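Structure first, then comments.
The values are calculated or read from the model by the stated rules, or taken from the named source; none is laboratory data. Treat the numbers as computed from the prediction; the structure is a model and nothing was measured. All Cβ positions, even for glycine, are placed from backbone atoms using ideal geometry, and neighbour counts span all protein chains on display. Only protein heavy atoms, including side chains, enter the accessible area calculation; ligands, DNA and RNA are left aside. Shrake-Rupley method; radii C 1.70, N 1.55, O 1.52, S 1.80 Å.
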Amino acid sequence: MKLARLFLAFAVLGGLAACAGNDNYAPKAEPSFYRNLAQPGAQLDDAAAASMISGYRANNSLPAVTLDPELTRLAQAQAEVMAKRDKLDHAAGKPFNVRLKASGYDAKTAAENISAGYHTLAEAFSGWRDSPPHRANMLLKGATRMGIAAVYTPGSKYKVYWALILAEPDDKKN
């Protein structure tokens, strides 16, 4: 019995040593939330963004959010307007509530985060998480939908403009 335990201990330790000694391991690709979006052709992984925000919300006892095509379109439009004007501003086109209403999107509640200068999703998320008003928006009670966009603009001082919209749809109005 002692010999069997000793053999098992050596087998486990030997297996761990073999794993630790594998210098040929290389990850297949960089996680998309670290992808540098401040370059031509780089695209935001909005599914990774939804997963990241949903995980954060779950850690705070809130429901997950899913991507909403209309909210994504609205976020994209806001990021594009800010990038074109090279100005970080919720009202760069029109105020958020006006834009939301004009789109026809029925929401019980909705919030928008914007930012500029973050080159990766991880940076943008961290910036929002570390800012009390932006964190409150990501933790909007009742929100189940989201849209997010990042727009690269090489001639701007910030390089990348971001917009995130979270909402609780008002299904009773439809």
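The Cα trace of the range 35-169 gives Rg and Dmax of 13.7, 41 Å, the first to one decimal, the second as a whole number.
Suppose a student asked you for the relative contact order of the range 35-169, using Cα pairs under 8 Å spaced at least 6 residues apart; what percent would you report? Walk me through the numbers on the way to the answer.
Working: 253 pairs, mean separation 50.2, N = 135.
Once normalised by length, the contact order is 37 percent.
Largest accessible area first, the listed residues PHE96, PHE33 line up as PHE33, PHE96 when surface is computed with a 1.4 Å probe on the assembled protein chains.
For the residue pairs LYS84/LYS157; LYS87/LYS159; LYS101/LYS157; LYS94/LYS159; LYS108/LYS141, the C-alpha atoms sit more than 19 angstrom apart in LYS101/LYS157; LYS94/LYS159. The simple spin-label model puts a point 7 Å past each Cα toward its Cβ; for SER103 and TYR34 those points are separated by 3.2 nm. For the range 47-174, carbon and sulfur atoms together expose 52% of the accessible surface, with a 1.4 angstrom probe and every protein chain in place.
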